[in-house]
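Chemist: Submitted below is the structure of interest, expressed as structure tokens.
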Amino acid sequence: MFVILGEEAYILEFCRRWLPAWTGNQPELLLQFYTKNAFYADPAHPEGLQGHDQLREYFTKLLKSNPNWVWEPVEVFPTRYGFTLKWRAVIPVGKKKVVEYGMDIVELDDGKIRRNEVYFDRTRWLEARPSMEKK
């Protein structure tokens with residue numbers, strides 16, 4: 001359950017628009033949430049990716065491989081430049097569903113993400129997908 005205050009309500013509303021863009025294999029829709037020069041890092045790319053060209057290439061591959069995963073906010077924590085998000089993801093892998101929890105550090109600039117760092121242990125997800133390249 002969320003305690004809805006002004007800033008938290010805005011962040012939660014943003015997450016409820018942004019997180020569904022990760023579902024359905026629509027990388028261009030997802031890119032609309034990021035500034036043109038956004039920085040993005042996750043466990044597969046801890047060094048990070050910069051800008052729409054790099055994000056588009058990665059998101060296209062990632063979303064095509066996972067068109068039916070579903071992300072939802074669990075908790076949000078406002079920060080000076082944006083928020084930290086605790087999330088839950090349900091990731092279909094064959095006939096199974098892997099449930100993962102993780103956190104994002106998100107910085108915003110005029111309502112778009114300028115920095116997004118994703119943290120979670122993807123071991124169970126990778127083990128469930130033996131054909132996936134394990135980076």
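Chemist: Sorted from fewest to most neighbouring beta carbons within 10 Å, what does the list Lys64, Lys95, Lys86 look like? Intermediate values should be presented prior to the final figure.
Modeler: On the way: Lys64 10, Lys95 5, Lys86 13.
If I rank by nearby Cβ atoms, fewest first, I get Lys95, Lys64, Lys86.
Chemist: Only sites in a loop by DSSP and with at most 14 other Cβ atoms within 10 Å count here; which chymotrypsin sites (Phe, Trp or Tyr not before Pro) in the range 20-103 make the cut?
Modeler: Values: sites: Trp22, Phe33, Tyr34, Phe39, Tyr40, Tyr58, Phe59, Trp69, Trp71, Tyr81, Phe83, Trp87, Tyr101; in loops: Phe33, Trp69, Tyr81.
Those that pass, being in a loop and sparsely packed, are Tyr81.
Chemist: Another one. Return the long-range amide H neighbours of Gly82 (sequence gap of 5 or more, or a different chain), with a cut-off of under 5 Å between placed amide H atoms.
Modeler: Those lying under 5 Å, H to H, from Gly82 are Leu108.
Chemist: Taking amide H atoms as placed 1.01 Å from N in the peptide plane, list the residues 5 or more away in sequence, or in a different chain, whose amide H sits under 5 Å from that of Gly24.
Modeler: Under 5 Å from the amide H of Gly24: Asn68, Trp69.
Chemist: Using the Cα centre of the chain as the reference point, and only Cβ charges (+1 on K/R, -1 on D/E), how large is the resulting charge dipole? Debye, rounded to the nearest 20.
Modeler: Values: 20 positive and 19 negative charges, 122 e Å.
With only Lys, Arg, Asp and Glu charged at Cβ, the dipole is about 580 debye.
Chemist: Cα axis of helix 51-65 to longest principal axis of the chain: angle in degrees, 0 to 90, nearest 10?
Modeler: The angle comes out at about 50 degrees.
Chemist: Moving on to the next point. Count the lysine pairs in the range 6-128 whose Cα atoms sit under 29 Å apart, keeping only pairs 8 or more residues apart in sequence or on different chains.
Modeler: 18
Chemist: Using the Cα atoms as the points, what is the convex hull volume per residue of the range 37-79 in Å³? All intermediate terms of the calculation are to be shown ahead of the outcome.
Modeler: Values: hull volume 4.5 nm³, N = 43.
Looking at the range 37-79, the number lands at 105 Å³ per residue.
Chemist: Using the C-alpha atoms of the range 6-128, what convex hull volume per residue, in cubic angstrom, is computed? All intermediate terms of the calculation are to be shown ahead of the outcome.
Modeler: Numbers: hull volume 11.7 nm³, N = 123.
Spelled out: Cα convex hull of the range 6-128, divided by residues, is 95 Å³.
Chemist: Also: Roughly what angle does helix 6-18 make with the longest principal axis of the chain, taking Cα atoms, 0 to 90 degrees, to the nearest 10?
Modeler: 30 degrees
Here, each number is a calculation from the coordinates, and none is a lab measurement. Not measured: the values here are computed from a predicted model. Neighbour counts are summed over all protein chains in view; Cβ atoms, including those assigned to glycine, are modelled from backbone coordinates with ideal geometry.
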